[in-house]
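For reference, the structure discussed in these notes is given below.
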Amino acid sequence: MARDVQFTFDCADPATLAAFWAEALGYQVQGPPEGFDSWEQALTAFGVPVERHNDASAVVDPEGAGPRLFFQRVPEPKRGKNRVHLDVRAAPGLTGDARMAALEAAADRLVARGAIRVGRHEPAPPLDAGHLVLADPEGNEFCLD
């Protein structure tokens, strides 16, 4: 039996990272609990101090198919390369120059939102169609492929 899965990111600024990944994946920031118009309203009602309102955030697939991404504030900074990373399928069905152009366009959009370019891997048929490596605003590496 398959299980639901959630990916959790430790970070310094959950709201900013959630907004970035919502844009990168075509997701949306998860809305507040039923009965509340905003997370600020809900957290205040739950007695969460204002300075803790950005302790966590999440993004969800609006179609309900993809996994939830959860972002939690931690005190320590990122140290070293990720051992697990996300591959964002930004050029499905494309090959060669068209594929790399689509990846570059997606990278430009994400760099404008705070991503950092890390590397470009040219197509090397038959096994590698080419991909780009980027890092999100807090340095978490991911691939556009």
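The values are calculated or read from the model by the stated rules, or taken from the named source; none is laboratory data. Predicted model only: the values in this text are computed from it and were never measured. All Cβ positions, glycine included, derive from the backbone under ideal geometry; neighbour counts span all protein chains shown. Side chains included, ligands, DNA and RNA excluded: accessible areas come from the protein's heavy atoms. Shrake-Rupley method; radii C 1.70, N 1.55, O 1.52, S 1.80 Å.
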* Total residues in region 5-27, condition over 11 Å from the mean Cα position of the chain (by Cα), closer than 18 Å to VAL84 by Cα and open to solvent by 50 Å² or more (accessible area, probe 1.4 Å) -> 3
* To do: May I ask you to say which residue of ARG99, ARG79, ARG68 is out of contact with any Pro (no Cβ under 8 Å at 6 or more places or on another chain) and either open to solvent by less than 50 Å² (accessible area, probe 1.4 Å) or over 17 Å from GLN6 (Cα atoms) (or both)?
  => ARG79
* Test result for ARG73, within 30 Å of ALA2 (Cα to Cα) and touching a strand residue (DSSP E or B) at 6+ places or on another chain (Cβ under 8 Å) -> yes
* Structure fact -> Pairing a residue in region 19-36 that is on the phi > 0 side of the Ramachandran plot with any residue that is open to solvent by 70 Å² or more (accessible area, probe 1.4 Å), where Cβ atoms lie under 8 Å and the two sit 6 or more apart in sequence or on different chains, gives GLY26/PRO62
* To do: Mind listing whichever residues of region 116-136 are within 17 Å of the chain's Cα centre (by Cα) and open to solvent by 50 Å² or more (accessible area, probe 1.4 Å)?
  => ILE116, ARG117, VAL118
* Asked: Within region 116-145, how many residues are within 29 Å of ALA12 (Cβ to Cβ), among the acidic types (Asp, Glu) and assigned to a strand (DSSP E or B)?
  -> 1
* Tell me which residues, restricted to region 24-71, are among the β-branched types (Val, Ile, Thr) and either in contact with a His (Cβ under 9 Å, 6 or more places away or on another chain) or farther than 17 Å from ASN140 by Cβ (or both). => VAL29, THR44, VAL48, VAL50, VAL60
* **Residue among ASP108, ASP97 that is within 18 Å of the chain's Cα centre (by Cα) and either without any contact (Cβ under 8 Å) to a residue 60 or more places away in the chain or closer than 19 Å to VAL59 by Cα (or both)** => ASP108
